[in-house]
Amino acid sequence: MFLGLQNEMFQRMETVRANIGHAPTMGDEAEAEWIELFQHFLPKRYQADKAFVVDSNGTISEQMDVVVFDRQYSPFMAKLKKANYVPAESVYAVLEAKQDLTAEHIEYAGKKAASVRNLHRTAMPIVHAGGTHQPRKDFTILAGFFCHANGWKKEAFGKPFDAALRTAAPAERLDFGCCLEAGSFFVDWQSGQPSVKTSDKDTALVSFVLGVIAALQRLGTVPALDLGAYLSPMLTKGKVAVPSPTKKKDPKVKKT
């Protein structure tokens, strides 16, 4: 089933590359394919869409091609015709879509991920029937990359790929990705250096989808955001006008 879906996606993207010369339109088509894939396969507790990410300080990330976010403990999202806005606390993962796998595109995806990871996140206790859970500590938001073709002349996951991963700052590190023409990859950063596992191209899509879901499961649940932090800038402290006391006339004073 996954192999058939992978072949179908590959052929659609090949058609787009062959017939659409306008780069932004080509990118939009690729993004739509990947968003549809995530919306179909992710468990319903997760949502996936193209979006900006915002925090309670009013800072906004760059627009992300795919944001995987929660709607249970962060149950709001500003959805406009051309732009969606998701609170930083609700984000599990962000991904960038490009046409091919290159060092420049890996660096670009990392910098966009950093614009989300550097946002401020709040947390509130979660009240339940048995008591109260303490606020969840922040986790590192996952970052990924996906594309259609291998941009390197030689193997996709060789020394240039490894070097591109190693030069990334901590906030810019990628955790996983998929190149339909070459395979999927998953990066372990526990040692501070990238330890990479890859699949072959025949299982690129299935390994990527299942690997992303497994990574999301390991994160658990996002924190309950502090709605008060988002609300407080909209409110002003109430001021009650107190009338000045009326001065009484002194009966002993005569008018001249």
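The values are calculated or read from the model by the stated rules, or taken from the named source; none is laboratory data. In this text, all values refer to a predicted model and were calculated from it rather than measured experimentally. Because the Cβ atoms are built from the backbone with ideal geometry, glycine has one as well, and the counts that use them run over all protein chains shown.
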The range 74-109: number of residues that are closer than 26 Å to Cys179 by Cα and not in a strand (DSSP E or B): 10
Elements of type strands (runs of 3 or more DSSP E) in the range 135-239, at least 1 residues being modelled with pLDDT of 90 or more and over 19 Å from the mean Cα position of the chain (by Cα): 176-179, 183-188, 195-198
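Every residue, every condition in (1) closer than 24 Å to Phe208 by Cα; (2) touching an Asp or Glu at 6+ places or on another chain (Cβ under 7 Å), yes or no:
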site: Lys82; (1), (2): no, no
site: Ser90; (1), (2): yes, yes
site: Lys111; (1), (2): yes, yes
site: Arg121; (1), (2): no, yes
site: Ala129; (1), (2): no, no
site: His133; (1), (2): no, no
site: Lys153; (1), (2): yes, no
site: Ala163; (1), (2): yes, no
